[in-house]
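Below is one structure; the comments refer to it alone.
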Amino acid sequence: MNYLLHIMARQGYALTFGLLFAEALGLPFPAAIALVAAGAAVASHTLSGPAVLLASMVALLIGDSAQFWLGRYSGWALLGFLCRLSMNPETCILRSAESFYKRGKATLIIAKFIPGINTMAAPLAGSMKMRFGQFLRLDFVGALLYSSTYLLVGYLSRDFLAATLSGFHAAGRAMEMIVITALVVYAIYRGVQFRRYKKYRVMPRVQVQELAARLASNDATRVLIVDVRSHGYYDSGSERIAGSIRIEPNNLEEEIKNLPKDKDIYLYCT
Amino acid sequence: MAHLLREKGFNTFVIVGGLTAWRKAGGHLESVPKDDLVKLPTFS
């Protein structure tokens, strides 16, 4: 604990600002832990409470505002990028937008406590044309609630944290075992997934030049090009391959009924 | 999806590189028709 407090004393404000700014930009940094540590440092009179709260608030508001404007100007492209990390990228954007809309603007106040929503909230607000002044007010309240909650936790649990940290050496070996076990389980999981999806890799593939040559031939009438992207259909001005049609990947059973069986179907995404 | 279509009896192929490869190769593009755009909720 003394070591941690020593670091906080030397770099406390910069560390708090940096970690919270990184988290606000969507990077996976332990900002909540930094706030708890800063709270403990305030309790031991190493840092000033108002100053650390200010550093935290400024970092969050700058990072969130950057995300807001990125969402506003990139349309749904930024969300498409963030959604690629999700389990189901095809539905991620739509689900996130609908959920955000249904829960209302107040979602911004609690968003920082919810993993996933935390990263998406600011760019979603930007993409969904929320007024910046309104966003800033709600985000201010959310940032204040988030910062003060974790600072308070650190402030009140300083003694508990000291006891916990002194046991870190013993916990170190247990942590090693947990990490090794997790790696083994992950390797097994990847192996099972590899075997399960092996059959999908035998799908016939064509190069674009091959397709272009076929489209220029007399055989072009037997070609149907199908766009199976989701993200390409949220922004006006999006482009697609000329003459292609769209299939909604989440409504495949219905869409199949309209597809001709006498044509060769060429699928593409981004 | 391609696998599912094959299972349903459609002669399906996957375009290597997708839209990005098509664009790079100088293939013809068109704007997504307005009627096809998915309307997402907005606060405005």
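The values are calculated or read from the model by the stated rules, or taken from the named source; none is laboratory data. Predicted model only: the values in this text are computed from it and were never measured. Virtual Cβ from ideal backbone geometry, glycine too; neighbours counted across all protein chains shown.
How many of the residues in segment B:7-33 are within 7 Å of chain A (Cβ to nearest Cβ) and over 21 Å from A:LEU215 (Cα atoms)? Write out each step before concluding.
Applying the first criterion (within 7 Å of chain A (Cβ to nearest Cβ)) to segment B:7-33 yields B:8-22, B:25, B:27-32.
Those left that are additionally over 21 Å from A:LEU215 (Cα atoms): B:8-9.
The total comes to 2.
In this structure, does A:LEU152 turn out to be at pLDDT below 90 and under 21 Å from A:PRO50 (Cβ atoms)?
no
Just one of (1) at the interface with another protein chain (Cβ under 8 Å from one of its Cβ atoms); (2) assigned to a helix (DSSP H, G or I); (3) at pLDDT 85 or above trips up A:ALA220, so point out which.
Condition (1) is where A:ALA220 drops out.
Out of (1) in contact with a Ser or Thr (Cβ under 9 Å, 6 or more places away or on another chain); (2) closer than 30 Å to A:ARG72 by Cα; (3) at pLDDT 85 or above, what's the single condition that is false for A:GLY133?
All conditions are met except number (1).
Condition (residue is at pLDDT 85 or above, not acidic (Asp, Glu) and not assigned by TED's automatic domain parsing to the domain that holds A:GLY243) applied to segment A:178-188: is it met by at least one residue?
yes
Return the residues of segment B:21-44 that are at pLDDT below 90 and either of a type in the set (Val, Ile, Thr) or part of a loop (DSSP other than H, G, I, E, B) (or both); say none if nothing qualifies.
B:VAL32, B:PRO33, B:LEU37, B:VAL38, B:LYS39, B:LEU40, B:PRO41, B:THR42, B:PHE43, B:SER44
Out of the helices (runs of 4 or more DSSP H) lying entirely within segment A:1-88, which hold 1 or more residues that are at pLDDT below 70, buried (at least 18 other Cβ atoms within 10 Å of the Cβ) and out of contact with any Leu (no Cβ under 7 Å at 6 or more places or on another chain)?
Working: elements: A:2-24, A:31-43, A:49-74, A:77-83.
Those helices (runs of 4 or more DSSP H) span A:2-24, A:77-83.
In segment B:8-23, what count of residues is obtained for those that are on the phi < 0 side of the Ramachandran plot and surrounded by 17 or more Cβ atoms within 10 Å (Cβ to Cβ)?
7
All but one of (1) assigned to a helix (DSSP H, G or I); (2) modelled with pLDDT of 70 or more; (3) surrounded by 14 or more Cβ atoms within 10 Å (Cβ to Cβ) hold for A:LYS105; which doesn't?
Failed condition: (1).
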